[in-house]
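K.L.:
Mind having a look at this structure? Questions to follow.
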Amino acid sequence: MRWTATLLSATLLGGLLTAPPVLAAPAPMTAPTSTSAAAARPAPVVKTAVARVKASPATRTGACPTTVGFSAVVAAKGKGTVRYRWVRGDGSKGAIRSFHVNGARKVVVRDRQTFDRSTSGWQAVEILGKKGLSAKGRFDVRCTGAVVIWDTAHPLPAKPGAPLVAAAAVSASPATYRGACPTTVTFTGTIQVSRTPAKVYYRWIDSGTGEGRLESLFFAAGGPRSRQVTLPLAVGSSTAGWKAIRIVNAGGRDSGRAAYTVTCTTTPPTSPSPSAPPSRSPSPSPSSSPSTSPSPSASPTPPPVQTPVPRIADLTPGDYEGSCLEPVAYQATGQISLPAGAAQRVEYWWSLDGSAWQRQFADFPAGDQPRVQNVSATWSLDSTRSGSHTIALQAEGGPAQPAQRTFTFTCVAEGGDATLTVEYMLTPHFKGECDGSFPMRASAMVLTDRDAEVTYRLVVDGKPGVLRTAQLKPGVRSTIGDFWYGNARSSGSGVVRLEILNQNKPAKQAPYSWTCVAPDPSPGTVQITEIESVGYYGDCVVAPYVTAFGEFKAPAGTEITYRWVVDGVAQQTFTHTVPEGGVIGIQAWYWTRAEKTDGTVKIEVLNHNKPTAQAAYPVNCQG
């Protein structure tokens, strides 16, 4: 029996599976394809090599949130521009960045991620236009104790005489949207400081496009230690992702991630062209003569006109040349500025290639200093949209000519499809308390005949899940998969299907089940609230390789000693302390089932009231 160590001791087991999804749906509002000379000419040849990819720290156990840094050395030789990005094991990708080379040059590239729950994975560097990834910088984070998120409900402690500390929390509204597009998702960040006066420097970070520009926030002496900032995001296509705030000074920590999902069902007619905004002049009063102006005493003096000025501050990735196996996510950030004056609502809109998106509003409070509101938009382009494009930002009552940024989008041919083979699937067979939201997970083992980037999804009982991506290497057995939450309150079964949507598009499906157990009316010190075995459905050429999951509930601080019993054979004994939340999730080490038949797995608690839980795991060998 072969074992691989994979012990999970997180407070919330389901949180381990919350991987940021990728932007993967094409935008519904692009202009007809155009070809420019810049897009048509071949790119300069630059040879590159990536070395010394590492995570720091590679392993960490302690309080969370915690931050892991990543670095690599890119050596380039030739003349031209090197475009690269970080690719993560959970399927997400960082912003596309670039540097210029004229001769030989070595550049250290960096990234960092903050985690608020136990997880493990890797990051690698992808050079745009070059197949495959660099070596992987692997990391393993184990969170102990309760995760503290400093938000309005949990104030950062005041420490007037100590060095400045700042923390942030972010929420998305709506976090989930399904309906007509374009639409707007508004992110609200709460930034707190440990003392005043203080000045905090921060950046917005995005799951698909990376870090935004540097911004600052001032906290006056004796004033509130908490302030809010907002970032509206105009969304033009079905997408999902997250945003967070990165504190640059004052302790340098990231907020938790505010995840969002937008599913566009229809696209309404576009708004009027930004070059001809509708008039909003008031109609003359019926009682007023056309030749007579109202008396000054008849109405108050109107406030001075405040002209809004739009500006596009940043466009990511800008000019793009590389792989288009999946749609490429774009993000524009901008500002609407007003001079000092009374409170005012400004209407503004984005447009792409002359097609205007729905109008949005920015509310400016009264102020005796110039005022600025941040705005942003996101969309995606696919392989049918090579050419030159223009993104524009315009405000009602502002300059007639909108703020504009032009960029080129060029797809590099990838050659033929890879041949992918799905060896087997592992599906969940849950047994426990069906509280209306219990985690389920399915995965598959995939082989490829060459380097390949795959886009895939789970379809659970006919309902498609979020699109994910993964990088596969020839000769390496790679696992891909995803999770979902069961919402039943009575036992049942279903079918989960894994679909790979590109390359040669293989798919595989298998059954899964859930057995609901009523809570124990007289529980002892320790409860086993769930045990989840994993069913194997595959060719059995290699002996099935499976695992199991479980969950304990007990008062915080309780030490639980337990062991797994696999097919009647007791395994190693473990002892864990229950964290403040009172729940602890566990996972068995993977084991091989040489007999290639159904088996049983059991959890035995060896102290306190000594509860046990057992489940069968099916092994279905298919031709």
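The values are calculated or read from the model by the stated rules, or taken from the named source; none is laboratory data. Fair warning: this is a prediction, and the values are worked out from it, not measured in the lab. Note: ideal-geometry Cβ built from the backbone for every residue, glycine included; neighbour counts use all protein chains shown.
K.L.:
Being on the phi < 0 side of the Ramachandran plot, surrounded by fewer than 17 Cβ atoms within 10 Å (Cβ to Cβ), part of a strand (DSSP E or B) and more than 26 Å from the chain's Cα centre (by Cα) is the filter here, so list the residues in the stretch 40-90 that pass it.
P.N.:
Across the stretch 40-90, the qualifying residues are LYS47, ALA49, ALA51, ALA75, LYS77, LYS79, THR81.
K.L.:
May I ask you to verify whether GLU211 is closer than 30 Å to PHE70 by Cα and at pLDDT 80 or above?
P.N.:
No: the conditions fail for GLU211.
K.L.:
Then there's this: Among residues belonging to the stretch 500-537 that are over 20 Å from ARG468 (Cβ atoms) and of a type in the set (Gly, Ala, Ser), point out the one that is surrounded by the most Cβ atoms within 10 Å (Cβ to Cβ).
P.N.:
Only one residue fits best here, namely SER533.
K.L.:
Output the number of the condition that TYR456 fails; it satisfies all remaining conditions of (1) without any contact (Cβ under 8 Å) to a residue 60 or more places away in the chain; (2) surrounded by fewer than 19 Cβ atoms within 10 Å (Cβ to Cβ); (3) under 24 Å from PRO506 (Cβ atoms); (4) of a type outside the set (A, V, I, L, M, F, W, C).
P.N.:
Tallying (1) without any contact (Cβ under 8 Å) to a residue 60 or more places away in the chain; (2) surrounded by fewer than 19 Cβ atoms within 10 Å (Cβ to Cβ); (3) under 24 Å from PRO506 (Cβ atoms); (4) of a type outside the set (A, V, I, L, M, F, W, C), TYR456 fails exactly one: (2).
K.L.:
Answer yes or no as to whether GLU551 is out of contact with any Phe, Trp or Tyr (no Cβ under 6 Å at 6 or more places or on another chain), of a type in the set (Asp, Glu) and part of a loop (DSSP other than H, G, I, E, B).
P.N.:
No.
K.L.:
So how many residues does the stretch 389-403 have that are assigned to a strand (DSSP E or B) and crowded, with 19+ Cβ neighbours inside 10 Å?
P.N.:
7
K.L.:
Oh, and also: Of everything in the stretch 389-412, what is more than 8 Å from PRO310 (Cβ to Cβ), under 29 Å from the mean Cα position of the chain (by Cα) and among the aliphatic types (A, V, I, L, M)? Give them in sequence order.
P.N.:
ILE391, ALA392, VAL412, listed by residue number.
K.L.:
Within the stretch 481-494, is even one residue surrounded by 15 or more Cβ atoms within 10 Å (Cβ to Cβ), closer than 28 Å to THR577 by Cβ and not acidic (Asp, Glu)?
P.N.:
Yes, because at least one residue in the stretch 481-494 is surrounded by 15 or more Cβ atoms within 10 Å (Cβ to Cβ), closer than 28 Å to THR577 by Cβ and not acidic (Asp, Glu).
K.L.:
Conditions first: (1) crowded, with 19+ Cβ neighbours inside 10 Å; (2) in contact with a Lys or Arg (Cβ under 7 Å, 6 or more places away or on another chain). PHE549 passes all but one, so which condition is the exception?
P.N.:
(2)
K.L.:
Determine if the stretch 180-200 includes at least one residue that is in contact with an Asp or Glu (Cβ under 9 Å, 6 or more places away or on another chain), surrounded by fewer than 18 Cβ atoms within 10 Å (Cβ to Cβ) and either more than 29 Å from GLN369 (Cβ to Cβ) or in contact (Cβ under 8 Å) with a residue 24 or more places away in the chain (or both).
P.N.:
The answer is no; no qualifying residue exists.
K.L.:
When you look at ARG441, is it surrounded by 16 or more Cβ atoms within 10 Å (Cβ to Cβ) and in contact (Cβ under 8 Å) with a residue 60 or more places away in the chain, yes or no?
P.N.:
Taking the combined requirement at face value, the residue satisfies it.
K.L.:
Now a separate question. What number of residues in the stretch 437-464 are at pLDDT below 90, under 29 Å from THR529 (Cβ atoms) and either touching a His at 6+ places or on another chain (Cβ under 8 Å) or not in a strand (DSSP E or B) (or both)?
P.N.:
Number of matching residues: 1.
Table: residues versus (1) of a type outside the set (A, V, I, L, M); (2) over 14 Å from TYR545 (Cα atoms); (3) at pLDDT 95 or above.
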{"position": "GLY581", "(1), (2), (3)": "yes, yes, no"}
{"position": "GLY585", "(1), (2), (3)": "yes, yes, no"}
{"position": "TRP589", "(1), (2), (3)": "yes, no, no"}
{"position": "ARG593", "(1), (2), (3)": "yes, no, no"}
{"position": "GLU604", "(1), (2), (3)": "yes, yes, yes"}
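K.L.:
Kindly indicate whether GLY251 is buried (at least 23 other Cβ atoms within 10 Å of the Cβ) and in contact (Cβ under 8 Å) with a residue 60 or more places away in the chain.
P.N.:
Details: buried (at least 23 other Cβ atoms within 10 Å of the Cβ): no; in contact (Cβ under 8 Å) with a residue 60 or more places away in the chain: yes.
No; evaluated as a whole, the condition is false for this residue.
K.L.:
Restricting the stretch 559-585 to residues that are of a type in the set (Gly, Ala, Ser) and at negative phi, which is farthest from the chain's Cα centre (by Cα)?
P.N.:
Restricting to residues being of a type in the set (Gly, Ala, Ser) and at negative phi, the top hit is ALA570.
K.L.:
Which ones in the stretch 366-385 are under 18 Å from CYS264 (Cβ atoms) and among the basic types (Lys, Arg)?
P.N.:
ARG385
K.L.:
State the number of residues belonging to the stretch 439-477 that are over 29 Å from GLY494 (Cβ atoms) and of a type in the set (S, T, N, Q).
P.N.:
Result for the stretch 439-477: 1.
K.L.:
Has the stretch 517-528 got any residue that is part of a strand (DSSP E or B) and more than 30 Å from the chain's Cα centre (by Cα)?
P.N.:
yes
K.L.:
Right, here's the next one. What about LYS79, is it in contact with a Pro (Cβ under 6 Å, 6 or more places away or on another chain), over 19 Å from GLY318 (Cα atoms) and touching a residue at least 24 places away in the same chain (Cβ under 8 Å)?
P.N.:
yes
K.L.:
Let me ask something else about it. Could you list, in sequence order, the residues of the stretch 448-465 that are closer than 25 Å to ALA548 by Cβ and in contact with a Ser or Thr (Cβ under 9 Å, 6 or more places away or on another chain)?
P.N.:
Across the stretch 448-465, the qualifying residue is only TYR456.
K.L.:
While we're on this one: Take the stretch 419-436 and flag every residue that is charged (D, E, K, R) and either modelled with pLDDT of 90 or more or part of a strand (DSSP E or B) (or both).
P.N.:
Just the residues of the stretch 419-436 that are charged (D, E, K, R), to begin with: 423, 431, 433, 435.
Result: GLU423, LYS431.
K.L.:
May I ask you to verify whether ALA556 is closer than 25 Å to THR427 by Cα, of a type in the set (A, V, I, L, M) and over 30 Å from the mean Cα position of the chain (by Cα)?
P.N.:
Answer is no for this residue.
K.L.:
Scan the stretch 214-257 for residues that are modelled with pLDDT of 80 or more and acidic (Asp, Glu) and jot them down.
P.N.:
GLU215
K.L.:
Can you tell me which residues in the stretch 550-581 are farther than 18 Å from THR144 by Cβ and among the acidic types (Asp, Glu)?
P.N.:
Hit for the stretch 550-581 is ASP567, nothing else.
K.L.:
Sort through GLY475, GLY481 and tell me the only one that's at pLDDT below 95 and in a strand (DSSP E or B). Even if it seems obvious, please write down each step before you answer.
P.N.:
Details: GLY475 fails: in a strand (DSSP E or B).
When all the criteria are applied, what remains is GLY481.
K.L.:
A further question follows. Anything in the stretch 607-620 that is in a strand (DSSP E or B) and either over 36 Å from the mean Cα position of the chain (by Cα) or among the aliphatic types (A, V, I, L, M) (or both)? List them, or say none. Steps first, please.
P.N.:
First pass over the stretch 607-620, keeping only residues in a strand (DSSP E or B): 612-617, 619-620.
Matches in the stretch 607-620: THR612, ALA613, ALA615, ALA616, VAL619.
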